[in-house]
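Remarks on the structure that follows.
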Amino acid sequence: MVDAAVAFGRVLRGAGLSVGPDRVMEFVRALEELDAGRREDVYWAGKVTLTSRPEDGETYDRAFEIFWERGGEYRQRPVPKMRFRIPPPKDSVLPAKKTVRPNREGDREAVTLRYSPVEVLRRKDFSEYTPEEFRELDRLLEELSLGGALRKTRRLEPARRGHYDARRTMRGAMRTGGETVRHRFRRARSEPRRVVVLCDVSGSMSPYSRALLRFLHAGVISGAPFESFSLGTRLTRLTRELAIRDPDAALRRAADAMEDFSGGTRLGDALKEFVDRWGQRGMARGAVVVILSDGWDRGDVDVLAEQMARIHRLAYHVIWVNPLKARPGYQPLAAGMAAALPYVDTFLSGNNFESLRRLARAISDAAERDRHGA
Amino acid sequence: MSSGANGRRGAMPPGVTNAVELQKKLGEHDYLADEGLSTAIYLTLRLGRPLFLEGEAGVGKTEVAKVLSRILDTPLIRLQCYEGIDVYQAVYEWDYARQLLHIRATEALGGDRENLERDLYSREFLISRPLLQALEHEGETPPVLLIDEVDRSDDEFEAFLLEILSDFSVTIPEIGTIRAERPPIVVLTSNRTREVHDALKRRCLYFYIEHPGFEREVEIVRVRVPEAEERLARQVAAAVGRMRRMDLYKPPGVAETIDWTRALVALGARELDERLVEATLGSVLKYHEDQQRTTAAGLAALVAGARGA
């Protein structure tokens, strides 16, 4: 029985569940309490000891069926073919070369070879970046402070005034033999307010996706509470994928997770998925929500408006970043953009590094007002 | 202080020797669990492991702890988690008012000031909060400790829980280590507002409670609202089932099904009709948008569909 349990644990581990030896031993103990000859008992003993998330359930069921009912032969189901594969070379991550637009002068050669000094680079449109410049962007992003957005928590810390702190007052009194009592106080401690960034990765955004995803990466690894998602035809949570330091590896992992990269957009539906699955349960509550998108929505615009209204009700502050906003004479004509704007607190451009710097400051400012109680 | 060695773990209601018997026992106490959940609870009692329950709001996670305390005839100790909860609210706190009085009294009576501090930080001035109460409980059967909505607490508190759930003891610097004679039966619940850390889940048996199927839900309604006629119970369960498929912001849970049935019974309903549904919609759908959506989709159709079931 132990051998079978260990083998089954290995199979589940291979299928991506985090099943350590401790869990396997727990499984064996559970089997000892039940009827190990009965299929249902084995099934439930394994389910309660070897899974720890509802998403694990499906993998577990598949593995269980194959392992226990077909005599322990287990082969992983072939991975579905991704529409977007990342070639391994270091600097070929996002976007695909052919989507890099030639600059205004139409001189593609000049764009790919020229290296811009930092000052120029800060204002250069991401869609005109060369691979070397993306490398430079990583350095710039490292300097960008994203952990600055603060909010109050319910935890209290010592302060000169605020809530009465009987515990510390008592301690103080002890030291002086209980005579001169100095009153002590506490107040709410400030902690980083959660930032949730939703990045549109549809085809129309592709000249900017690579730079914006790097921004997401910088946020995730900044140590601040920072959640990131991609929006396309569906919603993909990228926080876990982006949580490694190396930007190229992180972006490759993110791209593997997104099945809808450079596809269409159903902004409204993807946002709905976000609010349903994550936002309403707590992630968006009191958070600074940032949406990076040009507002082109091939879905139902009413859905988008309704979801933006929900986000606006949940979030502390909603920021919309549109790379197209920097273009001369820009008007929010895209139907989706127009529908979303009433629910946006801050509307920014997002086409170059300078605009990302402004975004980082806008995120901090959103919380700054909070600290002064306005 | 007490230094039990975390003796025999687990507890089992009399007459229960396997998961099927436990399922029956739970049913006798008005909790209808399916085979998976009864097996999970059975293992929790046998192995003395905490049970980690997840699922949508209203599927009966908290009820599990309550029914366990009933069938084991043991106290239910509840710790409601919230953002910012800390050790002083969860484990112990000193009784400052009494400590100050004690200081004054000692001074006034010219008492022993040498040992004042030791006296002040003795068990006498300690207030037990839920976790300490659960560890200190004395009696044949360990208590049921419900740690509700653990996803609302923060990382620091989670780490602390992990420690407590590992060896069922807590150290108070002034007093020493307090260890449970017999570990409490622990039920943790989470609504998944955030992902609880794996390390904590690994200490537990895990079960995800789904919405019940139609027949089970009818049974649950019949058990929890015995005044409701079977026809009404079936129609309510069918209507709720339809609502869950309607893509609402907050699909109704079993708790809402029961609330709704109670509301209908209070209005003297014997079966669903459009007027009654309209009047009681607020007891099953808690979001204005959800009510609007359901009304727009047609209450008549909802009622007709439910009556046909």
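To the nearest 10 degrees, how steeply does helix B:96-108 sit against the main Cα axis of chain B, on a 0 to 90 scale? Value to nearest ten degrees: 20. Residue by residue along B:78-89, Cβ atoms of other protein chains within 10 Å of the local Cβ number 2 on average. In terms of its C-alpha gyration tensor, region B:202-292 has an oblate overall shape, because the principal axis ratio a/c (a ≥ b ≥ c, square roots of the eigenvalues) is not below 1.5 and a/b does not outweigh b/c. Full extension of the chain between B:L267 and B:K66 gives 69.5 nm of extra length, using 0.36 nm per residue less the Cα-Cα distance. The B-A contact accounts for roughly 4300 square angstrom of buried accessible surface, both chains included, probe 1.4 angstrom. Rounded, prolate or oblate: pick one for region B:234-279, where a ≥ b ≥ c are the square roots of the eigenvalues of its C-alpha gyration tensor, a/c under 1.5 means rounded, and failing that, prolate if a/b is larger than b/c, else oblate. Here region B:234-279 falls in the prolate category. Rg ratio for the protein assembly as shown: its Cα radius of gyration over 2.2 N^0.38 Å, N being its residue count, equals 1.11. Which residues does a label at A:R171 reach in region B:161-182, if reach means a backbone N under 15 Å from a point 7 Å past the Cα toward the Cβ? Of the residues in region B:161-182, B:172-175 have backbone N under 15 Å from the label point off A:R171. Across every pair of non-identical alpha carbons in chain B, the mean reciprocal distance, once inverted, gives a Kirkwood radius of 22.0 Å. At a probe radius of 1.4 angstrom, the accessible area of chain B per residue rounds to 43 square angstrom. Once the Cα atoms of helix B:214-224 and of chain B are each reduced to a long axis, what angle between those two axes, in degrees from 0 to 90 to the nearest 10, is obtained? Computed tilt is about 60 degrees.
In the protein assembly as shown, carbon and sulfur make up what percent of the accessible area (probe 1.4 Å)? Roughly 49 percent, rounded to a whole number. In chain B, Cα pairs under 8 Å separated by at least six residues give a relative contact order of 23 percent. Other protein chain C-beta atoms within 10 Å of residue C-beta, averaged over A:161-169: 2. Separation of the alpha carbons by more than 23 angstrom is noted, of B:K24/B:K201; A:K272/B:K250; A:K272/B:K286; B:K25/B:K66; B:K61/B:K286; A:K272/B:K201, for B:K24/B:K201; A:K272/B:K201. Distance from the C-alpha centroid of region B:48-71 to that of region B:239-304: 26 Å, rounded to the whole angstrom. Quick check on region A:219-374: take the gyration tensor over C-alpha atoms, sort the square-rooted eigenvalues as a ≥ b ≥ c, and tell me if it's rounded (a/c under 1.5), prolate or oblate. Cα axes put region A:219-374 in the rounded bin.
Helix B:19-28 axis versus longest C-alpha principal axis of chain B: approximately 80°, rounded to the nearest ten.
Counted over the protein assembly as shown, the DSSP beta bridges are approximately 35% antiparallel.
Counting, for every residue in B:193-202, the Cβ atoms of other protein chains within 10 Å of its Cβ and taking the mean gives 4.
The values are calculated or read from the model by the stated rules, or taken from the named source; none is laboratory data. Bear in mind the structure is a predicted one, so any value in this text is a computation, not a measurement. Every residue, glycine as well, gets a Cβ built from its backbone with ideal geometry; the counts of neighbours run over all protein chains shown. When the accessible area is computed, the model is the full protein with side chains, heavy atoms only, and any ligands, DNA or RNA have been set aside. Shrake-Rupley method; radii C 1.70, N 1.55, O 1.52, S 1.80 Å.
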